[in-house]
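Enquirer: For reference, the structure I am asking about is given below.
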Amino acid sequence: MFEYFNIVLLEIYKILFLLVPVLVSVAMIVWLDRRIWAFVQKRRGPNVVGPFGLLQSLADALKYIFKEIIIPASSNKIIFILAPIVTMTLALIAWAVIPFSETHVLANINVGILYLFAVSSLGVYGIIMGGWASNSKYPFLGAIRSAAQMVSYEVSIGIIIINVLLCVGSLNLNDIVLAQKKIWFIIPLFPMFVIFFISALAETNRPPFDLPEAEAELVAGYQTEYSGMMYAMFWLGEYANILLMCAMGSILFLGGWLPPVEIFPFNLIPGALWLIFKILLLFILFALVKAIVPRYRYDQLMKLGWKIFLPFSLIWVVITASYLFYFNLLPTI
Amino acid sequence: MLAHAIFFYTFSFIAIISAIMLTVSKNTVHSVFFLILDFISISCLFIMIGAEFIGMMMLIVYVGAVAVLFLFVVMMLNVTQQENQWFISTKSSTHLPVGLLISLVIFFELIVVIGGWKFKPDLVTSMSLSINQNITNTHSLGNVIYTDYIHIFQLSGMILLVAMIGAIVLTFRQRSGVKRQSYFKQISREKSEGVKLVDVERNKGVNLDD
């Protein structure tokens, strides 16, 4: 009996050791996002609370905690409360399989990439639940838009993952990283990386694909009726998802925890730092896109997903597979 | 083994309870959510017996895609409250005999399956393939599906394709009077053909052609 107790305690310790940094970095990343956004538009951005405004997100979080939670009278209360919890939980449980080095991973499972894909595809439920349970027009419209958008872009992400898996021959995330020892997949599969990046923007409802919460049309989309801590949970979940997508991109294409070259000054830096550095790099790209690109129209978004990305990534699967087969490079078990 | 048992009974309890709630709950959207919970706990059970690939595929395909569309339809149709449920109302329902028949058939099938497994254990071993423990079950599935059962696999793919084309054909309608956006046309517009200077006669106006 005590044996189990010890195992459970150890796992809880590991989970806390992973979750607390993730949550802190989510708060920091919100600040970074707003700062970059401001710099591009020649504004100052949040610079008052703490040095360089670093504590702005904490101040915001404090404000949200002390605000009143309003539950609309005509809402479906249980689902209304469950929705932000689902979003937040799903955004956090996916971190269990992210490898920070060859040994530093919470759960080194054989189907790691499928788990990531499954969890990110479940993320749509938080939004649908929130939109439906609010029992109001704007949230519902936002939720429906978001469901269609996320389901569409998942398809192309899935096919991009197949491209990578063809080169690796394993679904384990650590194997995917180790397969990039010679060359990062961003070089042979560069078009796929671009499509993955754009699909990740759409999957996380980031601008220019933030149609579910397009403020000019839908007030705030599915978040309209939420307030206080519940709104903050949606917001945290959203940014945790963005970080997760960046982590997924850096594992699939940028070599995860591998240093760029295996020579002296680079291989001294631990793998976790390299992964964090790559995640940050991708996130800065995300933030720049938000600042630069105007919002897409909804039919253009659907057209891009189904008529351009899906056929293109399918063709690329054929090209990758034939190349690997012709030059006898297919991975063996 | 204790932890294994605890997890197994938790997941199967959740699966059974949510399956019951799925049929009993008044609100249709709640039913769909219980269906999703059922799918998730079943896929957890799949993972527990070591079929991690099938468990994950269940999550991705059923929960991530099928149930989303299901939920979509139920929400759009707005069938929130179901009146006249057979176990509440006094009116007899016509669904009852058909439902009873189907459940009887399923019950006998279950008896046959469990009976075969309980009283004739060699049936299972002779029917199932020998599994190599050293390779992951994604690899072993791939080894079987793409070699021995390739025709069945292709056939099921064809059936899915036919279903997909059928769905598109059924819902496709050519609407007249819709202006389509052509990126090529927009980009290749020149000033010379886009703008034209017209001398407007007084009290006549301009005749715009589209």
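Enquirer: Taking Cα centroids, how far is the stretch A:169-238 from the stretch A:68-100 in Å?
Expert: Taking the Cα centre of each part, the stretch A:169-238 and the stretch A:68-100 sit 17 Å apart.
Enquirer: For residue B:12 and residue B:149 in the same chain, what is the full-extension length gain: residue separation times 0.36 nm, less their Cα-Cα distance, in nm? Walk me through the numbers before you get to the answer.
Expert: Details: separation 137, 0.36 × 137 = 49.32 nm, distance 3.14 nm.
The span from residue B:12 to residue B:149 would gain 46.2 nm if fully extended.
Enquirer: Another one. Expected output is a single nm value to one decimal: the length gained when fully extending between residue B:207 and residue B:19, i.e. 0.36 nm times separation in residues minus the C-alpha distance. What is it? It would help to have the intermediate numbers written out before the result.
Expert: Values: separation 188, 0.36 × 188 = 67.68 nm, distance 6.67 nm.
Once the chain is fully extended between residue B:207 and residue B:19, it gains 61.0 nm.
Enquirer: What angle do you read, to the nearest 10 degrees and between 0 and 90, between the alpha-carbon axis of helix A:310-326 and the longest principal axis of chain A?
Expert: It is inclined by approximately 20 degrees.
Enquirer: Where does the protein assembly as shown land at 222 nm, in deg cm²/dmol rounded to the nearest 500, when only DSSP H runs of n ≥ 4 count, each adding -39500 (n - 2.57), divided by all residues?
Expert: Numbers: 24 runs with 352 residues, N = 543.
Rounded to the nearest 500, it is -21000 deg cm²/dmol.
Enquirer: Identify all aspartates and glutamates with a Cα-Cα distance to residue A:181 below 13 Å; exclude those on the same chain that are fewer than 8 residues away in sequence.
Expert: By straight Cα distance, residue A:181 reaches A:102, A:262.
Enquirer: Go through the stretch A:220-326 and name the GluC sites (Glu not before Pro) that are in a DSSP coil and have 12 or fewer other Cβ atoms within 10 Å of their Cβ.
Expert: On the way: sites: A:225, A:238, A:262; in loops: A:225, A:262.
Answer in residue order: A:262.
Enquirer: In whole Hz and in residue order, list the ³J(HN,Hα) couplings for the stretch A:70-82 that follow from phi through the Karplus curve 6.51 cos²θ - 1.76 cosθ + 1.60, θ = phi - 60°; x for Gly and Pro.
Expert: Couplings: 9, 10, x, 5, 8, 7, 8, 4, 4, 5, 4, 6, 5 Hz.
Enquirer: Right, next: Would you please state which residues of the stretch A:233-249 a label at residue A:49 would reach in this model, taking the label point 7 Å out along Cα→Cβ and a backbone N cut-off of under 15 Å?
Expert: Within reach of a label on residue A:49, which here means backbone N under 15 Å from a point 7 Å along Cα→Cβ, the stretch A:233-249 contributes A:233, A:235-236.
Enquirer: Using a Förster radius of 35 Å, what is the FRET efficiency between residue A:69 and residue B:73 based on their Cβ-Cβ separation? Nearest 0.05, please. Walk me through the intermediate numbers first.
Expert: On the way: r = 31 Å, r/R0 = 0.89.
That pair, residue A:69 with residue B:73, gives E of 0.65.
Enquirer: Please find the FRET efficiency linking residue A:288 to residue A:328, where r is the Cβ-Cβ separation and R0 is fixed at 45 Å, and quote it to the nearest 0.05. Numbers along the way, then the final one.
Expert: Values: r = 41 Å, r/R0 = 0.90.
Efficiency computed from Cβ-Cβ geometry: 0.65.
Values quoted throughout were computed directly from the atomic coordinates according to the rules given, and no laboratory measurement underlies them. On a predicted model such as this, the values are computed, not experimentally measured, just so you know. Cβ sites come from the backbone with ideal geometry, for glycine too, and all protein chains shown count toward neighbours.
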